[in-house]
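Asker: Can you read through this structure? Questions will come right after.
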Amino acid sequence: MPADSTGQGVGVHVTVFGKHAGWPGSIEDIGLTCEPLTRAKRSLYLLGLGSNADSGAWDKVAPDERMASYPSIVLWKLGTSLVVGRLASARVGGGRADAQPMFACALVERMPHAWSVDTALPVLQSVESKAAQTSSPELVRLSVGEARRQLEDKALIDAARHEQSASNLGELIDHADLGPSRAGLLRVLGQLEKSRQASEGKGINLRVPRVLADPGRAALAWIEVVAGEVPAGTPILALAGPDRAWIDLVVGEPRATNLLCARMNEKGIPPATQNTSMPSDPGAANRRLDMLLREQGDAPAPAARRRVPMAVPVGIIALMLFGWWLFSGGPTPQPADQSAKGPEPTREAVHEPAGPGEGAVRAAIEQAQEAVERLRADAAGEGRAFDESLADRVRQAITRVEKQAATQNPSERAAQRRELAELHAAMEGVQSVAREKADESRQRLASMLDERARTPAFASEAMRRRWTREVRAIDPAAGWSAARARLDALEPVLANAEKSIQGATRIPMEGVPASVRPGMETLIARGTEEWIGRAGDAAASGASIEPSVSGARTWAAQVETILAQAQRIDTGLNGAFAPDEPVNDTVSMIAALREIQALNDPAAGEALRPLVQQLNDYVAIGELSNTGELAAIVRSGVNGGDPDKSRAIQAWLRLTSLAWPRDGADVREMIALHDLATNAANSFSPKRRPMLASRVNRATLHCATSFLNRCRTGREQTPMFEAMGRLGIEPSDEQSLPGWTRFNLERWRLGEAQQKCEGLDPVARVEALTNAANAFVEKIAEIEGAQTAGRGVRDALDPWASLDFEAVGPGKAGWRVEHVSRDAAEVTYARATGRVPEQRVTFRRLGRGGEANKVSYLATAETSVGVFAAGVAGVARSAGVRGQMPEPGPGEAESIQRLEAALSASFARGGVDPRRGVRSWDWGRRHDEFIVPAYPDSDPPSQGWMRHRPGMEGRSYFPQGATIAPPTWDSPMQYVSATAALTCARLMGCRLPTPDEWTAASGNPGPTNLRDPAWGVLMAHLDTLAGYQPEWPTAGIFVEKDAPRLLPTDDVHLVTEVVDGWAWLATTRVEGDRYAHIVGNVAEFVHEDAPGMEAMTDPTPEGAEAFLGNLERLRVIGGSALGGATTPGRPLAVDPAEAMEGFADVGFRLAFSAERSRVSASRALQRIEEAVGAVEMMDRPGDTPARE
């Protein structure tokens, strides 16, 4: 640590903080070795400019008031310390200027503030420039260390010379730019006074004119002015720059808002000189400024030498000067009566002893003091205790000189002269001793440097040489501190350079052929040493080592490439070429050898010589095209050594690259040669074996694939299909085959599986063939053009496609199976009986079925009047239903009546029809008829849809020009009780659907029939006939249990605006594969207990009533054309009493379940074999080969 004139050490601290491209976040703590710099980072960056940048505070400043850059100079007075710094926008990713700041700051203790401004700011500008040119944290750290050493060296010199710079305070205070009589300066002080009164302890912003040309000196002068106006210790921050005509001052602890001034122009913050505020006492303010000037006047002029501190009280100095004046013959007061005296007697001259004067003594003391301080610095650098005896002698001399007082007594003056001579001699003695001790220190330093030069702590020879040269270049005359600083700086940068190069040139040698390894290791060692030498040269000179490190990486990458090429050549020559390299492409290997030889290194060339010779031997095999000769080489290598087996593998690789095999005979030979090549590969060491076997198998796969691609038909491909298992071709390898080839392969496998099934019993045969067919369908699913062929097989595989429909549903009740779809997802039953025309019911399967043990079929339409009549006719007498018997037998009348009662509890045959609203059926008028479509003549005004109303005689229910066809056998059955609906279903081998089945079917809806505008037109027409008491279509409709009811005349709202073509009830005969009227037409009874319905053994009204009980699990769902339900998909509870009478808009749909036990094995086998037999192999796309 250098010393100032007081003997105290000069402390130098340098830091950088903020943002930089070398750090992902903020710069790490570098050089924060004192509290003022730590405080500067916290206040100026973390809580100040950094916070403003993160929060986007400057984006909120008006664009015409905002500046793009930061002020470049920062001065912050903290007590007696002055932090000086450089400020710039950070350079982040890609060198982009960012809103985040970067500071480079310094604090030099016990040196004048002006010295810090003049000396430290240029050094910090160099740190800022270097940091902006690199993204390396290490280079930033080095630049900070270099700056610290520069400032220490400069401080050491200037402190020893006692040089200091003059202040610019006087130039600032009376500058013309501040107006006459310091008016501008007083306005600044006035604003400061006013702001302090309102600040409540917060930071105060002042923008003042720069005035002086040097922005750093101007900022320091303004700080001195403001410091005289505020309490001692108040922080004062100044921000300046050569591009700004102003200086921003922050008086007090700065906050983020105070620092917004850093990027605001004069429009955003006008100078304080423009305000009208003046100090409360301008006279006192001027006196304070004059006092500052007087204090500044006591300071030495620029470049003046500062004397050794021997301050003598002013009064004593004045007394000495006055005495000297008197002694030297100055004017003496004359008495008034001088003329009366005689001439003054002549005084005898006093001879004072000759010797050095006070000036010479003081110079000797100063020289001795400098010599002692140099010794002190050397002792500190060497780590030795300093002998204070010399320093004590100097201090004693200073004390003795200071005690001398002015005197007129000649004898006293002579004594002083003698004392000065003694002091002069003593100081010369001190200087002599100091020189001797300095020489001894230099000798010790030289010995230490020699020892360090001979014991370098480096692994590489190149860096050891560089260390020795650099250490021996250190001049011992520079002193211990400078020498240690050089060593401390040199060792880490050289170590870092060595480590960086070693890391860049670390080349793995695993797998390098033994014949190549020695030469390559020599080459790598020599190259690494060369690059370490280059990096050491750069590091020792203070330059960046990045070019050397980058060059070393490039060189190492080239060497690694060469080693990889050599390894590949060696591997290939031993029978295992890279998978993506053609077997006969020896040109690439020769090129690789030439690339290695391009190094022009004798050691490497000698190491590679065996590879060249082996490669020449292989060229001959790589050029063979005769398949017979190649096959012979494969056979000959079976019983030979490794070279022969390697040649056999090479020959196999070459053979499989040709257009071979050509036919089935060649395919059989291929199997034998493949086995020989595989055996040869497996005979090598365990380390080589997997690689060689993999190469043989890949060549085999390539050969097989090429053969298959050359074929035109599936028949030509069959020999290779048969050989693929023997050739070790895995299913995963088949994915590389073209789609048509993969289809043919799977078709061949399916045929093979079909042959293996011969002789098995039908059930086992179905299972085996089903598994094979399933695999076939799965494998061809993604093959383009194969979906059609696979669809037929897939449909045949559905076990439910072979369901015996005669044993389930209506089939077991005697209905004829009229049609079954190919996938058995749809079946139609038919029946004709008595006077009822032939009726058909179509069912569709819910879901695919798949592996389920039970499936459900649901009728595609509601049960019609005709289906209901046919369903309950022709049953056994015990059923108690008319049909086959023309007249009721004994005891049947009561059963028929119960069934009639089940249809309508209050509507008996021959009685008055109590049904309100729309009706679709009536009792037959003949004794052999059960129910029939409602007769049109029963109520001509409504075409039979309504019961007869006397008031409507001669009037039509329909507007003029409109009519509705009368009910038919295809009209939906309604006004049917839950008992009658379930009885009919069970008599037909069916049941009612469940709510879940209805919901599943609603996902595939057919046409709907809901209240639409056509219904509204009829209702409007009837409203005009209300006085004639017509039958209202909204009468008798279903309403949810406990729900409010509307009068028929008030229930007029529409459910849909879509016109469906039906005003009331539509026919159930609808074509298509969807569920017709699953929503609308008539709502439907559903029941939650499907197994319970299927388990009913008594298909009579009594049995139905017993099962239904209190109807807790019975629901109505689906909505109707007559009702106003807006949520048809919600199952609705039923009132038991109403349910036993039926509703005008509720019918039912049939459903049945089928168990897997009803699937016919023989029928399934027949379907699968027919589907498989229909699948033919594909031809190569674009070919049309002739068929035999």
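Just so you know, all these numbers are worked out from the coordinates, no wet-lab data involved. Keep in mind the model is a prediction, meaning the values are calculated, not measured. With ideal geometry, Cβ positions are generated from the backbone for all residues, glycine too; neighbour counts draw on all protein chains shown.
Asker: For the stretch 12-297, what D do you get in µm² per second when you plug the Kirkwood radius from alpha-carbon pairs into Stokes-Einstein at 25 °C and 0.890 mPa s?
Answerer: Using the Kirkwood radius from Cα pairs, D works out to 126 µm²/s.
Asker: Over what distance in Å are the Cα centres of the stretch 650-694 and the stretch 975-1041 separated?
Answerer: 78
Asker: Just subtract the alpha-carbon distance of S432 and S136 from 0.36 nm times their residue separation and send over the number in nm, one decimal.
Answerer: Result for the pair: 101.6 nm of gain on full extension.
Asker: Which cross-chain or sequence-distant (5 or more) residues have an amide H under 5 Å from the amide H of S956, H modelled 1.01 Å from N in plane?
Answerer: For S956, whose amide H was placed from the backbone, there are no distant partners under 5 Å.
Asker: Let me ask you something else. Per residue of the stretch 531-548, what does 6.51 cos²θ - 1.76 cosθ + 1.60 with θ = phi - 60° give for ³J(HN,Hα)? Whole Hz please, x for Gly and Pro, Karplus curve as stated.
Answerer: So the J values, rounded to whole Hz, are 6, 5, x, 5, 5, x, 4, 5, 5, 5, 8, x, 7, 6, 8, 4, x, 5.
Asker: Next question, about the same structure. On a full-extension model of 0.36 nm per residue, what is the gain between A543 and A415, subtracting their alpha-carbon distance, rounded to one decimal in nm?
Answerer: Length gained, A543 through A415: 39.8 nm.
Asker: Under the rule of at least 5 residues apart or a separate chain, name every residue whose amide H is placed under 5 Å from the amide H of I931.
Answerer: G924
Asker: Continuing with the same structure: Using the C-alpha atoms of the stretch 1071-1188, what convex hull volume per residue, in cubic angstrom, is computed?
Answerer: Per-residue hull volume (Cα only) is 230 Å³.
Asker: Same structure, new question: What is the extension gain from A425 to R1045, computed as 0.36 nm multiplied by their sequence separation minus the C-alpha to C-alpha distance, in nm to one decimal?
Answerer: So the chain would gain 209.7 nm between A425 and R1045.
Asker: Can you figure out the FRET efficiency of E1176 with E629, using R₀ = 45 Å and their beta-carbon distance, to the nearest 0.05?
Answerer: Taking R0 as 45 Å, the efficiency between E1176 and E629 is 0.65.
Asker: Can you give the net charge of the other residues whose Cβ lies under 9 Å from the Cβ of W467, counting K and R as +1 and D and E as -1?
Answerer: +3
Asker: Follow-up. What pairs from K645/K687; K19/K41; K19/K267; K41/K154; K60/K267 go past 18 Å between their alpha carbons?
Answerer: Pairs exceeding 18 Å: K19/K267; K41/K154.
Asker: Still on this structure: Given H placed on each backbone N at 1.01 Å, which residues far from H20 in sequence or on other chains put an amide H within less than 5 Å of it?
Answerer: Result for H20 returns I27.
Asker: Still on this structure, I have one more. Excluding M509 itself, what net charge comes from residues whose Cβ is under 11 Å from its Cβ, given Lys and Arg +1 and Asp and Glu -1?
Answerer: The answer is -1.
Asker: Same structure, new question: Hey, with R₀ at 51 Å, roughly what FRET efficiency would D450 and A564 work out to, going by the Cβ-Cβ distance, to 0.05?
Answerer: 0.60
Asker: Sticking with this structure for a sec: In whole percent, what relative contact order does the stretch 806-1158 give with Cα contacts below 8 Å and a gap of six or more residues?
Answerer: 23
Asker: Let me ask something else. Can you list the residues of the stretch 436-472 with backbone N under 15 Å from a point 7 Å past the Cα of L487, pointing along Cα to Cβ?
Answerer: 441-458, 467-472
Asker: Residue by residue, what Karplus-based ³J(HN,Hα) values in Hz, rounded to whole numbers, does the stretch 808-824 have, using 6.51, -1.76 and 1.60 with θ = phi - 60° and x for Gly and Pro?
Answerer: 9, x, x, x, 6, 9, x, 6, 7, 6, 8, 7, 10, 5, 4, 8, 6
Asker: Give the Kirkwood hydrodynamic radius (Å, one decimal) of the stretch 511-564, defined as one over the mean of 1/r across all pairs of different Cα atoms.
Answerer: 12.1
Asker: If you don't mind, another one. Output needed for the stretch 626-733: three equivalent-ellipsoid semi-axes, defined as square roots of 5 times the C-alpha gyration tensor eigenvalues, in descending order, whole Å.
Answerer: The equivalent ellipsoid of the stretch 626-733 has semi-axes of 24, 15, 10 Å.
Asker: Through the Karplus equation 6.51 cos²θ - 1.76 cosθ + 1.60, θ set to phi - 60°, convert the phi angles of the stretch 1019-1025 into ³J(HN,Hα) values in whole Hz; use x for Gly and Pro.
Answerer: Going residue by residue, I get 5, 5, 5, 5, 4, 6, 9 Hz, with x marking Gly and Pro.
Asker: For the pair V230/A213, report the inter-label distance in nm, with labels modelled 7 Å from Cα in the Cβ direction.
Answerer: It works out to 3.0 nm between the two label points.
Asker: Related question: Report the antiparallel proportion of the DSSP beta bridges in the stretch 806-1158 as a percent, rounded to a multiple of 5.
Answerer: Antiparallel bridges: around 85 percent, rounded to the nearest 5.
Asker: Counting each pair of different Cα atoms once, what's the Kirkwood radius of the stretch 687-727 in Å, rounded to one decimal?
Answerer: 11.2
Asker: In square nanometres, what is the average projected area of the Cα convex hull of the stretch 806-1158?
Answerer: 17.0
Asker: Once Rh for the stretch 1009-1095 is found with the Kirkwood sum over Cα pairs, what is the Stokes-Einstein diffusion coefficient at 4 °C and 1.567 mPa s, in µm²/s?
Answerer: 84
Asker: Suppose the Debye formula is applied to equal point scatterers at every Cα of the stretch 383-465; what is log10 I(q)/I(0) at q = 0.18, 0.19, 0.21, 0.27 Å⁻¹?
Answerer: For the requested q values the scattering log ratios are -0.87, -0.91, -1.00, -1.24.
Asker: With a Förster radius of 22 Å, plug the Cβ-Cβ distance of R835 and K812 into 1/(1 + (r/R0)^6) and report the FRET value to the nearest 0.05.
Answerer: Computed FRET efficiency for R835 and K812 comes out at 0.35.
Asker: Another question, then. Between E388 and A1000, what is the label-point separation in nm under the 7 Å Cα-to-beta-carbon projection?
Answerer: About 10.6 nm separates the two model spin labels.
Asker: Also, quick follow-up: Where in the stretch 236-277 is the amide nitrogen less than 20 Å from a point lying 7 Å along the Cα-to-Cβ axis of R42?
Answerer: Answer for this model: 236-238, 250-259.
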